Amino acid sequence: MSNPMPTPVLQARGLVKHFGHVVALDGADFELYPGEILAVIGDNGAGKSTLIKALSGALIPDEGTIYLNGTLVRFHNPLDARRMGIETVYQDLAVAPALNIMENIFLGREIRRSGVLGSLFRMLDKKQMMNDTVRYMADLKIGIQSMSQPVGTLSGGQRQGVAVARSAAFAKNVVIMDEPTAALGVKESRMVVELIRQVRERGLPVILISHNMPLVFELADRIHIQRLGRRVAVITPDEYSMADAVAIMTGAKEAEPQLAS
Amino acid sequence: MSDALVHDRSQSGWERIRRNITHFLSLPGVGPTLALLIASIFFATQTDKFLTGRNLSLVVQQVIVVGTLAVGQTLVILTAGIDLSNGMVMALGSVIMTSLAVEFGVPPAIAIIIGLLITTAFGLLNGSLVALVKLPPFIVTLGTLNIAYAVTRIYRTTTISNLPPAITFLGNTFTVGETAITYGSVVMIVVYLVAWFVLRETSWGRHVYAVGDNPEATRLAGISTTRLLISVYGIAGFIYGIAGLLLVARTQVGDPQAGQTANLDSITAVVLGGTSLFGGRGSVLGTLIGALIVGVFRNGLQLMGIPSMYQVLVTGILVILAVSVDQLSHRGQA
């Protein structure tokens, strides 16, 4: 691991966050490199979700700094992070079932028609959005016939596909996936695994938060282990076993010093 | 995928037709429209007086107030809310408009604007309590229903008459062929068309559906659901003001007792029109059909000489049918 690394896409230094007397983040560091899938694992209360919330703008850390492509950034809300090209896919399938695929993909980012129809009458350019939707879904090889069918008629895996397609379409820098398979069955989870690979294929780095160890070890290039509010280790699936990861996570085993530095 | 294809080929022609018919019936607005057509055909066979331009114009006359209120109600219900206050807010608006014009010599145009501002303010109050204080819409609007009623009655207990023509101009008619049509009917149709366009073709409209469907997903998509909900209730309030103006035009008085059952009547129209009380699904044109269904049933049964309580009975049965359909289709999709 001594080979020179490129500039991290997303980096955090010494993040601290208190909730009353509880210390959720206690000087946590973080790095995400271009084109990688980085899994973030940790026991409950390790500060995993607080870390992710800080990186996606959902909360503001008390101390510490975040860099995007080497530049210092401050997110005041999730919209700030989104504007800087950081998109999040949520575990609970954050889609609107009565709206169709196109409307879900463009929810909150609708394209208006050009000219008076758009500026004065605020008309949406449904044709343009439909064409883009077909392309986004094809990019991720999601085989759904009609983009005008309500998302409620899709399977759980397909719905997550819509959510991933939306994030991948608008993320310029990072896609964060928060327990993307937690609400899905085995077969559906396989579909999402493929989706995550497709996103990486397109050159977008992915932060994958998951409790699902086999999934983490299958997908991740590197694994960030969070414990007691800090990063205690970064390991690779080749060098460590799942048992090692769990041991480091729970504190039963010390991390190798070189990576904790 | 291949299963479906094989299945398709083995299907007989009849089966395919049957499936297409089922699909057609499940399209939004088709059920209510069919119900309206069947009811109209039924009444046309029962009485000669039903299918005349004069009578149909009367039906529209009878539904314009509730029909207009129901546009605001549709917006609110699409967000998975409900507005019990609309009839009382409308009554307050109409009393303010007429009282200012008749008793305080305010120019009618200004009186109308003040009335519209007050109903809009009530809508904004509803929306703020729902979106900012996060109270259930049912409770909020039950409260503002009582507040609007009390304010109206404290302000006036008697009707205001001798209205200036400028405030009742929407009751005037123009004729198409033999049939006299009021400007009020045109206003109602325009309100429907504008609402239909906005809901279908603009971001705001799609966000109204989204917030009723999945508020969390809408918020996560970066939409301010607070601002959205306040705007929905506010616009609904403005529409109740228009309904108040139509009420004044139709009755030619400002009546503090008006609109007491209009909230439930407007909900009836929305539900009959196929809009889901769970939010996120439905259409404002369906509501127009729903309002017309109520109007046609009342009018038709009346022409047949059936006592008015039976009209209420039929309306009740229709509402339960419509909500059952909604419940069943919702279960199928969730």
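Some points to look at:
- Among the candidates A:Val162, A:Val151, A:Val192, A:Val175, the residue that is open to solvent by less than 20 Å² (accessible area, probe 1.4 Å), over 26 Å from B:Leu199 (Cα atoms) and modelled with pLDDT of 90 or more is uniquely A:Val175.
- Cross-chain or 6+ apart pairs with Cβ under 6 Å, the range A:144-167 first and within 11 Å of chain B (Cβ to nearest Cβ), then basic (Lys, Arg): A:Val151/A:Arg159
- Applying the set (1) free of Cβ contacts under 8 Å to residues at least 40 places away in the same chain; (2) more than 9 Å from chain B (Cβ to nearest Cβ) to A:Glu110 leaves exactly one unmet item: (2).
- A single entry from B:Val248, B:Val211 fulfils the requirement of being within 9 Å of chain A (Cβ to nearest Cβ) and either assigned to a helix (DSSP H, G or I) or closer than 21 Å to A:Asn100 by Cβ (or both): B:Val211.
- Hey, A:Leu79 on the phi < 0 side of the Ramachandran plot, surrounded by fewer than 17 Cβ atoms within 10 Å (Cβ to Cβ) and assigned to a helix (DSSP H, G or I) or not: yes
- All conditions but one from (1) at the interface with chain B (Cβ under 8 Å from one of its Cβ atoms); (2) under 30 Å from A:Thr181 (Cβ atoms); (3) open to solvent by 70 Å² or more (accessible area, probe 1.4 Å) apply to A:Asn69; the one that does not is (1).
- Of residues in the range A:220-234 being within 19 Å of the chain's Cα centre (by Cα) and surrounded by fewer than 22 Cβ atoms within 10 Å (Cβ to Cβ), the one farthest from A:Ile176 (Cα to Cα): A:Val234
- Tallying residues that are over 22 Å from A:Leu215 (Cβ atoms) and not in a helix (DSSP H, G or I) within the range A:144-187 yields 9.
- Filter result for A:Ala54 (at pLDDT 90 or above and either within 12 Å of chain B (Cβ to nearest Cβ) or touching a strand residue (DSSP E or B) at 6+ places or on another chain (Cβ under 6 Å) (or both)): yes
- Which listed residue, of B:Arg219, B:Arg250, B:Arg281, B:Arg206, is of a type in the set (Lys, Arg) and under 16 Å from the mean Cα position of the chain (by Cα): B:Arg281
- Residue within the range A:88-95 that is within 18 Å of the chain's Cα centre (by Cα), of a type in the set (A, V, I, L, M), assigned to a strand (DSSP E or B) and crowded, with 20+ Cβ neighbours inside 10 Å present: yes
- Taken over the range B:220-260, the criterion of being touching a residue at least 60 places away in the same chain (Cβ under 8 Å) and hydroxyl-bearing (Ser, Thr, Tyr) is satisfied by B:Thr225, B:Thr226, B:Ser231, B:Tyr233, B:Tyr240.
- Looking at the range B:18-121, the helices (runs of 4 or more DSSP H) lying wholly inside it that each contain 2 or more residues that are free of Cβ contacts under 8 Å to residues at least 12 places away in the same chain and more than 19 Å from the chain's Cα centre (by Cα) sit at B:30-46.
- Set A:Leu38, A:Leu32, A:Leu15: member being under 21 Å from A:Arg74 (Cα atoms), modelled with pLDDT of 95 or more, touching an Asp or Glu at 6+ places or on another chain (Cβ under 8 Å) and surrounded by 16 or more Cβ atoms within 10 Å (Cβ to Cβ): A:Leu15
Each row is one residue, and each column tells you yes or no for (1) among the basic types (Lys, Arg); (2) open to solvent by 50 Å² or more (accessible area, probe 1.4 Å); (3) in contact (Cβ under 8 Å) with a residue 40 or more places away in the chain.
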{"position": "A:Ala183", "(1), (2), (3)": "no, yes, yes"}
{"position": "A:Ile196", "(1), (2), (3)": "no, no, yes"}
{"position": "A:Arg202", "(1), (2), (3)": "yes, yes, yes"}
{"position": "A:Leu208", "(1), (2), (3)": "no, no, yes"}
{"position": "A:Glu218", "(1), (2), (3)": "no, yes, no"}
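- Within the range B:289-329, tally of residues that are open to solvent by 30 Å² or more (accessible area, probe 1.4 Å) and either under 24 Å from B:Val198 (Cβ atoms) or within 14 Å of chain A (Cβ to nearest Cβ) (or both): 3
- Criterion (part of a strand (DSSP E or B) and under 16 Å from the mean Cα position of the chain (by Cα)) met by exactly one of A:Ala28, A:Ala58, A:Ala54, A:Ala39: A:Ala39
- Which listed residue is farther than 17 Å from B:Tyr192 by Cβ, open to solvent by 20 Å² or more (accessible area, probe 1.4 Å), among the acidic types (Asp, Glu) and out of contact with any Lys or Arg (no Cβ under 7 Å at 6 or more places or on another chain), from B:Asp265, B:Asp255: B:Asp255
- For the range B:231-245, the criterion of being of a type in the set (S, T, N, Q) and part of a loop (DSSP other than H, G, I, E, B) is met by no residue.
- Residue within the range B:107-127 that is over 29 Å from B:Leu163 (Cα atoms) and touching a Leu at 6+ places or on another chain (Cβ under 9 Å) present: yes
- Set B:Thr182, B:Thr157, B:Thr168, B:Thr173: member being hydroxyl-bearing (Ser, Thr, Tyr), closer than 30 Å to B:Gly105 by Cβ, free of Cβ contacts under 8 Å to residues at least 24 places away in the same chain and more than 14 Å from chain A (Cβ to nearest Cβ): B:Thr173
- As a summary of the residue check, A:Met129 satisfies the conditions (1) within 22 Å of the chain's Cα centre (by Cα); (2) open to solvent by less than 30 Å² (accessible area, probe 1.4 Å) except for the one numbered (1).
The values are calculated or read from the model by the stated rules, or taken from the named source; none is laboratory data. Because the structure is predicted, anything quoted here is derived from the model rather than measured. Please note: Cβ atoms are built from the backbone with ideal geometry, for glycine as well, and neighbour counts cover all protein chains shown. Just so you know, the surface numbers come from the protein's heavy atoms only, side chains and all, with ligands and any DNA or RNA stripped out. Shrake-Rupley method; radii C 1.70, N 1.55, O 1.52, S 1.80 Å.
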